[in-house]
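A.B. asks: Mind looking over this structure? Questions follow.
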Amino acid sequence: MDNKSETNEQEKLSQEIIELSLQENIQNRLKTSQQKDERINELLRKIPSEIRQMYDCLGPLYEVNPKYQIIYQNDGSIYFGQGVGGRKIGTGIQIWPEQGNILDGNWENDQLEGYCRMVYSNKDIFECLFKQGRANGFGVFQTQKKTVKGIWIDNNLSGEGQEFRKDGQRYYGQFQDGQKDGQGIIYFKDGCKYEGELRKNLADGLGTMIWSDCSYYDGEFRLGVIKGRGVYLSGNGYSLMGYFEEEAQKDRKKKIQRIIYKNEGGSNLIIEKIRQL
């Protein structure tokens, strides 16, 4: 065999070795990928099917890698992620099989740190920045009825925020301990608007109510209803000034706002507004 033929044979053998090596690497990657997918799939099978399907649509918050390990927690949950010595350190997924909750997050010394997401068994979703295991930063909370955006401080929504309800009602304003509290604006689904002070989710203090017929009341509110001194201006320009007190009556899909105006002479005048609930 001449040198040229020998060289060709060596090159051919080298190429075959390279191809075999590449095939082996591909097979190893596929095997690892299948193992990775199967591990997380096996854990997700412990969750109710509706939540599992919902989570599948969202996908993991962080990329799952082959170095993830399974660590069983004292509260009955299962952690699938990065860890050292049985502690959660790095990204991972924590599952509560009995409750049906799934948490994607980043941990430092077993405490959530950074951007995390919890999917609850009732289909609520909470995404927020965490510091030392507590929600501290901008977050979004979604339920079947509403979406709330704002700043969380020590696990409570506090400060400026927004709330959008599925029925069309919107709120822009301040929150305190998870409730509408402070200055804010509510746009009701029937076209009415309230702007002013709120306490524990209710209009309370000084505020302005504007109805869809362009009439408005500017004055005092107590526990969600008109009560106190104020000014009422009708859509045609007729105005009243004095003490107002609201009586609420509900009738299925309509709410009649009955407001009693009391003038200084002692006589009463009733103002009625039909509202869509």
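The values are calculated or read from the model by the stated rules, or taken from the named source; none is laboratory data. Source: prediction; values computed, not measured. Glycine also receives a Cβ, built like all others from the backbone with ideal geometry; neighbour counts cover every protein chain displayed.
Listed here are the residues, each with its yes/no results for (1) within 30 Å of TYR79 (Cα to Cα); (2) at pLDDT 95 or above; (3) in contact with a His (Cβ under 9 Å, 6 or more places away or on another chain); (4) crowded, with 19+ Cβ neighbours inside 10 Å.
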site: CYS116; (1), (2), (3), (4): yes, yes, no, yes
site: TYR120; (1), (2), (3), (4): yes, yes, no, no
site: LYS131; (1), (2), (3), (4): yes, yes, no, no
site: VAL140; (1), (2), (3), (4): yes, yes, no, no
site: THR143; (1), (2), (3), (4): yes, yes, no, no
site: LEU157; (1), (2), (3), (4): yes, yes, no, yes
site: ARG170; (1), (2), (3), (4): no, yes, no, no
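A.B. asks: While we're here: Can we say ILE151 is among the β-branched types (Val, Ile, Thr) and within 30 Å of ASP181 (Cβ to Cβ)?
C.D. replies: Here the answer is yes, as ILE151 does meet what is asked.
A.B. asks: Same structure again: Select from segment 53-72 the residues that are of a type in the set (Ser, Thr, Tyr) and in a helix (DSSP H, G or I) and list them in ascending order.
C.D. replies: Correct list: TYR55 only.
A.B. asks: Answer yes or no as to whether TYR68 is buried (at least 19 other Cβ atoms within 10 Å of the Cβ), under 18 Å from ARG39 (Cα atoms), among the hydroxyl-bearing types (Ser, Thr, Tyr) and more than 24 Å from the chain's Cα centre (by Cα).
C.D. replies: When the stated conditions are applied, TYR68 passes them.
A.B. asks: Can I ask one more? Do you know which residues across segment 102-114 are out of contact with any helix residue (DSSP H, G or I) (no Cβ under 8 Å at 6 or more places or on another chain) and either part of a strand (DSSP E or B) or over 15 Å from ASP75 (Cα atoms) (or both)?
C.D. replies: LEU103, ASP104, GLY105, ASN106, TRP107, GLU108, ASN109, GLN111, LEU112, GLU113, GLY114, listed by residue number.
A.B. asks: So, in segment 150-189, exactly how many residues are outside any strand (DSSP E or B) and free of Cβ contacts under 8 Å to residues at least 24 places away in the same chain?
C.D. replies: Qualifying residue count for the region: 8.
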